[in-house]
Amino acid sequence: MLFEQMALEKMIRHISDTNVIMILEFLNIAANMKKIPRQGWIDKLSIKNPESVADHTFVMSIMGMLLSDMQNYDTEKILKMIILHDLAESITGDFTPEQKSKNKKRILENKTMNNILSMLPENLNFQYLGIWKEFQKEESKEAKFVHQIDKLEMALQAKIYSKEINSPEKINYFLNSVKTSIEDPNLLKLFEQISSN
């Protein structure tokens, strides 16, 4: 009990030594993800109250934790990458490929992420920016895995929405876009099960 109290006191001292206002601003920006709807569901399925970017990130986090642990990947890194992967959208909003080219979106998100992460202490800014850039490059096994989980979560959500709308061709648009994006054998098995139901 004494150890826990000492650890808590140390944490409180550490936070009070940093710029609390900037950390709270960062947290408010992150919380804004709860208000940003996933645009593809609105544009392609006419869903009136689609999942938010935060909803998407939460389900991806569950998937990432479970599937990374099952495959002995670096789960902490994967979870950080998932949490960061759409953080810029808390300011930019969510764009579909039809609204903004991949290159323009990348430039906007990189600028936005630099601004958001600059609010954090230097060591965290450096660490999270490195993870963000690794995700963007999509070269490491963790980055490739997170990109595939991103697509798998979209397939799962499409199947959930298929119960609300009666339009298999619209759902198939999403499933077909996922089919070519998943290479991991375990994620592929999950995708095949999702798409066959």
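The numbers here are math on the coordinates, done by the rules we state, and not lab data. Fair warning: this is a prediction, and the values are worked out from it, not measured in the lab. Don't worry about glycine lacking a Cβ; one is built from the backbone with ideal geometry, like all the others, and counts go over all protein chains shown.
The length gained on full extension between residue 28 and residue 140, counted as 0.36 nm times the residue separation minus their Cα-Cα distance, comes to 37.3 nm. Can you give the net charge of the other residues whose Cβ lies under 13 Å from the Cβ of residue 172, counting K and R as +1 and D and E as -1? Overall, the nearby charge balance is +3. Taking every alpha-carbon pair under 8 Å whose residues sit at least 6 apart, the range 30-196 reaches a relative contact order of 21 percent. How much FRET efficiency would the formula 1/(1 + (r/R0)^6) give for residue 133 and residue 189, where r is the Cβ-Cβ distance and R0 is 30 Å, rounded to 0.05? With R0 = 30 Å, the Cβ-Cβ based efficiency is 0.50. Summing charges over neighbours of residue 161, with a neighbour being any other residue whose Cβ is under 15 Å away from its Cβ, gives 0 when K and R count +1 and D and E count -1. Note on the chain: percent of Cα-Cα distances in each 10 Å bin, starting at 0 and stopping at the bin with the largest distance, equals 8, 31, 35, 18, 7, 2, 0.
Working note: Karplus 6.51/-1.76/1.60 with θ = phi - 60° gives the range 90-100 the couplings 5, 10, 7, x, 9, 10, 8, x, 6, 8, 8 Hz, where Gly and Pro are set to x. From the alpha carbon centroid of the range 160-180 to that of the range 83-117 is 25 Å. With the helix formula -39500 (n - 2.57) applied to DSSP H stretches of n ≥ 4, the chain reaches a computed 222 nm mean residue ellipticity of -23500 deg cm²/dmol. Taken along its three principal axes, the alpha carbon spread of the range 140-197 comes to 39, 16, 16 Å, from the longest extent down to the shortest. Note on residue 125 and residue 170: with the Förster distance fixed at 30 Å, the Cβ-Cβ geometry gives a FRET efficiency of about 0.15. Site pair residue 100 and residue 118 shows an inter-label distance of 1.8 nm when each label is modelled 7 Å from Cα along Cα→Cβ. In sequence order, the range 161-176 has phi-based couplings of 5, 4, 6, 8, 10, 10, 8, x, 5, 5, 5, 4, 4, 5, 4, 5 Hz under the Karplus curve 6.51 cos²θ - 1.76 cosθ + 1.60, θ = phi - 60°, and Gly or Pro positions carry x. Across the range 67-178, the convex hull enclosing all Cα atoms gives 125 Å³ per residue.
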